[in-house]
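One structure is given below, encoded as structure tokens.
The values are calculated or read from the model by the stated rules, or taken from the named source; none is laboratory data. What you see is a predicted model; the values in this text were computed from it and never measured. Neighbour counts run over all protein chains shown; Cβ positions are idealised from the backbone, glycine included. Please note that ligands, DNA and RNA were not included when accessible areas were found on the heavy atoms of the full protein model with its side chains. Shrake-Rupley method; radii C 1.70, N 1.55, O 1.52, S 1.80 Å.
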Amino acid sequence: MCGIVGAVGINNPRDYAIEGLKMLEYRGYDSAGIGFLSDKINIFKDIGSPNHLDDILPSSFETELIIGHTRWATHGTPSKINSHPHLSCNRKIALVHNGVIDNANELRTFLLSQGYKFYSDTDTEVVVNLLEYFYLSSKDMHTSLTLLKDQLEGSYALAIINEDYPDSLFMLKKGSPLMIGKGKGFNLIASDASPMAKYTNEFIDLEDYDFGYISKKEIRIFDKNNNLVDRKPIVKDAESISHDLKGYPHYMLKEIEEIDEVVKRAISIYHEDNQYQFDSKLLKDLREADHVMFIGCGTSYHASLVGGRIFEICNNIPTTEYIASEWAFHPVIPGKKPFVILISQSGETADLIHCLKIIKEKNNVPTLLITNTPGSTLSRGVTYTVLLHAGVEVSVASTKAYAAQVALLALLSGALSKNEKMVVDLKDTIDVIDSIKNNLKQPIEQIAEEIKDHDNVFFLGRSFDYFLSLEASLKLKEISYIHSEAYPGGELKHGPIALISEGLPVIVFITDPTTASSMRSNIEEVKSRGAKVYVVATKSLSKKGDALIVDDYAHFLSGVAISSIAFYLAYFVSLKKGYNVDKPRNLAKSVTVE
Ligand code: M6R
């Protein structure tokens, strides 16, 4: 993971770097650092998030050339010495790195044999010294970068300063994202567009093996064959990449409260003028498939479970859903004429990138990526991309993107069978979402108060309610650090019921008429063993004593209609425990390592 920024010739380099790194914190926040060139290279870095940079950097300084980094530790513990930027042995080259160098050990051994010394445990220190090694003999950065590129295995986005080139910021990219922001009299670089959005709306997405440099007036990019290339900038509007909290105390709360708008937007984009608006070739390929395989990680995997079941029920298409990191080790694509749907909010998840590579090695399997991130690494490798249009999701805990993924999959299912009722059902969920926002926050907060000091929580449901339980459980453990389990109601008696003890909170979703009565029996089973049960039910299935009651909706749309209940609950618990809601420990938003 990790996020990087760099700038040449910008007026306020200190602000750009610090504010930019704060926007990239979703990529990791174990440590942060900045390097800039004055008469020599200066480095300031420490453990902790970029918020600390204000304290460790001089309050003002002049420079034309700056690089910065926010880290999610892979090689080496989070420590000052392992923080980026890293300096080469002669202290004349500094760089920041996002990615993982697979052959770092071999390269380190080689450099040790050449007299190099290493002070950190990172793969990045190997890269900077190898670059210095090539530069000392070639005295030319272009040649050195070409040689470096040939030696490095793994993934990297690098921003590099060399004291001998006070006007140029060098870059090199493979596997990890890197973008250039085209300015007037300055140029920028960053892991995504957000840090640069305040300064420009023109961005160039670098491709794998691209390398080159930016100066105040020039952008020079060379491709993998060492040819100078003219990559056209794309224009992005500031609103779509804005990280403005808009008065909310946390991104997570803001993003939960955007769910209704996100669903409305998805309907208006993909069912414009009363007609489904998906690529006709995509629909044709999907209709011709005899099996659809879904693949995702975390929340996106949970959305795929919902999507798969909807496809099976509404479209009669057999589906299989896989966790990406598992599938990669038994890469079988079911069906004679399969179609693969990859789901990823970020479009940068390394486990999925690995799967896509394997899928592409198998001939002629059409692939669709459902993502929130235009131009992402995954979108460059698939046959089709469908965008969520959910707006930037900053909080590490995914909320609005999950609701958007489920809504999108429902719309795609509707388009496949030309089912107009799907749109009506989806529109109905908007009132349910709004009434939760307007009327149920207080009772949800009360439940949060009651469960916050427990060590364990259970979520139960059947079918679609089980899928929602999985997501609710992930959200709670992710940001409140309470151990939680999600189980299908009927599976409890096959083992986990042994864990039910006096007072254990059990949260149950009952929104499906076909499973409601079995679920009620399961509730009796846990109640009789002392559990404290909180039922979330739709009006027509509710009973006296249920904790939260919502209006009826098409039950297979729980992930859209009532996922906000699960999200608010996790949010309030985390808040009450005093944790960092948006930046839970050990995590990063975009998981770019396997
Ligand atoms: O960007 P992706 O959708 O591929 O990310 C997948 C997971 O890392 C992500 O959903 C993760 O589980 C969330 N932090 C959960 O809230």
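Condition first: closer than 23 Å to Phe464 by Cα, within 16 Å of the ligand (Cβ to nearest atom) and not in a strand (DSSP E or B). Now tell me which residues in the range 309-329 satisfy that. Explain how you work it out, then say what you get.
Narrowing the range 309-329 to residues closer than 23 Å to Phe464 by Cα: 309-324, 326-327.
Still in the list and also within 16 Å of the ligand (Cβ to nearest atom): 321-324, 326-327.
Across the range 309-329, the qualifying residues are Ala324, Glu326, Trp327.
In the range 271-301, the residue that is farthest from the ligand (Cβ to nearest atom) out of those that are under 26 Å from Tyr466 (Cβ atoms) and open to solvent by 20 Å² or more (accessible area, probe 1.4 Å) is His291.
Out of all the residues in the range 96-105, is one or more at pLDDT 95 or above and crowded, with 23+ Cβ neighbours inside 10 Å? Looking through the range 96-105, at least one residue is at pLDDT 95 or above and crowded, with 23+ Cβ neighbours inside 10 Å.
I'm told Gln114 meets every condition in (1) over 23 Å from the mean Cα position of the chain (by Cα); (2) closer than 30 Å to Ala350 by Cα; (3) surrounded by fewer than 18 Cβ atoms within 10 Å (Cβ to Cβ) except one. Can you identify the failing condition by its number? Only one criterion is unmet by Gln114, namely (2). Taking the range 435-482 as the range and being open to solvent by 20 Å² or more (accessible area, probe 1.4 Å), away from the ligand (no atom under 16 Å from the Cβ) and either under 15 Å from Pro505 (Cα atoms) or small (Gly, Ala, Ser) (or both) as the test, the residues that pass are Ser435, Glu445, Gln446, Glu449, Glu450, Lys452, Asp453, His454, Asp455, Asn456, Ser463. Counting the residues of the range 27-53 that are among the polar types (S, T, N, Q) and within 12 Å of Leu95 (Cα to Cα) gives 1.
Check whether at least one residue in the range 247-270 is touching a Phe, Trp or Tyr at 6+ places or on another chain (Cβ under 8 Å), aromatic (Phe, Trp, Tyr) and either away from the ligand (no atom under 16 Å from the Cβ) or in the same structural domain as Ala403 (by TED's automatic domain parsing) (or both), and report yes or no. Yes, the range 247-270 contains at least one residue that is touching a Phe, Trp or Tyr at 6+ places or on another chain (Cβ under 8 Å), aromatic (Phe, Trp, Tyr) and either away from the ligand (no atom under 16 Å from the Cβ) or in the same structural domain as Ala403 (by TED's automatic domain parsing) (or both). Is the range 308-321 home to any residue that is within 21 Å of Gly175 (Cβ to Cβ) and open to solvent by less than 20 Å² (accessible area, probe 1.4 Å)? No - not one qualifying residue is present in the range 308-321. If you go through the range 483-502 and keep only what is open to solvent by less than 10 Å² (accessible area, probe 1.4 Å) and without any contact (Cβ under 8 Å) to a residue 12 or more places away in the chain, you end up with nothing. Every listed requirement among (1) surrounded by 17 or more Cβ atoms within 10 Å (Cβ to Cβ); (2) at negative phi; (3) outside the structural domain of Leu253 (by TED's automatic domain parsing) is met by Lys427 save one, (1).
Out of Val406, Val386, Val396, Val332, one residue alone is within 12 Å of the ligand (Cβ to nearest atom), β-branched (Val, Ile, Thr) and either in a loop (DSSP other than H, G, I, E, B) or touching a residue at least 12 places away in the same chain (Cβ under 8 Å) (or both). It is Val396. When Ile482 is tested against (1) at pLDDT below 95; (2) touching a His at 6+ places or on another chain (Cβ under 8 Å), only condition (1) is not met. If you go through the range 202-228 and keep only what is open to solvent by 40 Å² or more (accessible area, probe 1.4 Å) and of a type in the set (Val, Ile, Thr), you end up with just Ile219. Can you pull out every residue in the range 296-345 that is more than 19 Å from Leu411 (Cα to Cα) and among the basic types (Lys, Arg)? Those that are more than 19 Å from Leu411 (Cα to Cα) and among the basic types (Lys, Arg): Lys336, Lys337. Checking each residue in the range 335-372 for being within 10 Å of the ligand (Cβ to nearest atom) and more than 16 Å from Thr299 (Cα to Cα) picks out only Ile353. Those strands (runs of 3 or more DSSP E) of the range 503-586 in which at least 1 residues are open to solvent by 20 Å² or more (accessible area, probe 1.4 Å), touching a Pro at 6+ places or on another chain (Cβ under 8 Å) and at pLDDT 95 or above, considering only elements entirely within it, cover 532-538.
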